[in-house]
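Take a look at the structure set out below.
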Amino acid sequence: MTIQLPHQDHGTAIAAEYNIARSPKWSQVQKQHLKLQPLCVACKLGTNSQTKPQVHHIFPFHYCIVLGRPDLELDQRNLITLCENEAGHPADNHHLLIGHLDDFKSSNLDVVVDAKTTFQGMSASDIKNDLRWKQKKTTSLKPLDKMTPQDKVDFLAKMNTWFPKK
Ligand SMILES: [Zn+2]
């Protein structure tokens, strides 16, 4: 079975702003993840329904690298599949809306529970009108360059608690 990788790669563009590049192993890890979890967790769209799901990092990979857990870039525990709207491939954009709260510079650390339950099966417009989603946007993850030293310590502790080093 051939796994098609998505054309757009927002994570690479954001990380490049911090002079961080994807690991050369990322492409392989991404394909492996799409074999394990081929469908968007929020709406069950997969490559065979004309969309190209994205592999999203729960803890954004540039935070992992800068804050001391570079292994999480390539750790399956830190990955979730979400659909993305692309030209010719309509989707509800769960990558952007649930993974990044409508801003690729930000991230939603509750993405797993939100994709599986809170916003499960909801359309893009329903999500954008949902008060819980609007509330989340106001408390979304700080950009890396806006974090205080204490924020960074807390973030590393969270990564270590959720995904202990193997
Ligand atoms: Zn979806």
Checklist outcome for this item: Whole-Hz Karplus couplings 3J(HN,Hα) for the stretch 119-131, θ = phi - 60° and coefficients 6.51, -1.76, 1.60, Gly and Pro as x, run 10, 4, x, 7, 6, 4, 5, 5, 5, 5, 8, 7, 4
Item to check | Between the stretch 100-162 and the stretch 51-99, the alpha-carbon center distance in angstrom | outcome: 12 Å
Item to check | Normalised contact order of the stretch 1-114, rounded percent, pairs of Cα under 8 Å and 6 or more residues apart | outcome: 25 percent
Item to check | Proxy reagent accessibility, fewest Cβ within 10 Å first, across Glu73, Glu86, Glu17 | outcome: Glu17, Glu86, Glu73
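Please report the net charge: other residues with Cβ closer than 15 Å to the Cβ of Asn129, K and R +1, D and E -1. Don't skip to the end; give the middle numbers.
Values: positive: Lys128, Arg132, Lys134, Lys136, Lys137; negative: Asp92, Asp102, Asp126, Asp130.
Charge balance near Asn129 sits at +1.
Holding the Cα-Cα limit at 31 Å, pick out from Lys128/Lys166; Lys44/Lys146; Lys44/Lys105; Lys134/Lys165 the pairs that are longer than that.
Numbers: Lys128/Lys166 38 Å; Lys44/Lys146 35 Å; Lys44/Lys105 25 Å; Lys134/Lys165 34 Å.
Check vs 31 Å cut-off fails for Lys128/Lys166; Lys44/Lys146; Lys134/Lys165.
Compute the signed sum of charges (Lys and Arg +1, Asp and Glu -1) over the other residues within less than 14 Å, Cβ to Cβ, of Gln8. Intermediate values should be presented prior to the final figure.
Values: positive: Arg22, Lys52; negative: Asp9, Glu84, Glu86.
Its environment carries a net charge of -1.
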Next on the checklist: Suppose only helical runs count, i.e. DSSP H with n ≥ 4. What mean residue ellipticity at 222 nm does that imply for the chain under -39500 (n - 2.57) per run, divided by all residues and rounded to the nearest 500 deg cm²/dmol?
Outcome noted: -8500 deg cm²/dmol
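Return the tail of the calculated pair distribution for the stretch 121-162, meaning the percent of Cα-Cα pairs more than 12 Å apart.
Values: 603 of 861 pairs.
I get 70 percent for the Cα pairs in the stretch 121-162 exceeding 12 Å.
Just want the ordering: Thr138, Thr118, from fewest to most Cβ atoms lying within 10 Å of their own Cβ.
Details: Thr138 7, Thr118 17.
Least to most surrounded, the residues fall as Thr138, Thr118.
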Checklist outcome for this item: For the stretch 88-102, in residue order, the Karplus 3J(HN,Hα) values (coefficients 6.51, -1.76, 1.60; θ = phi - 60°; whole Hz; Gly and Pro = x) are x, 9, x, 7, 8, 6, 5, 4, 5, 7, 8, x, 10, 6, 6
Checklist entry - At what distance in nm do the modelled label points of Glu17 and Val112 sit from each other, each positioned 7 Å from its Cα along Cα→Cβ? => result 2.7 nm
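So between Asp9 and Gln120, what do we pick up on full extension, going 0.36 nm a residue minus the alpha carbon distance? Intermediate values should be presented prior to the final figure.
Numbers: separation 111, 0.36 × 111 = 39.96 nm, distance 2.38 nm.
Taking Asp9 through Gln120 to full extension adds about 37.6 nm, to one decimal.
Based on the inverse mean of 1/r over its pairs of different Cα atoms, what is the Kirkwood hydrodynamic radius of the chain, in Å? Show your work: numbers first, answer last.
Values: mean 1/r = 0.0619 Å⁻¹.
Roughly 16.2 Å, rounded to one decimal.
Taken together, the values in this text are just the output of simple stated rules run on the coordinates, not laboratory data. These numbers come from a predicted model, not from an experiment. Virtual Cβ from ideal backbone geometry, glycine too; neighbours counted across all protein chains shown.
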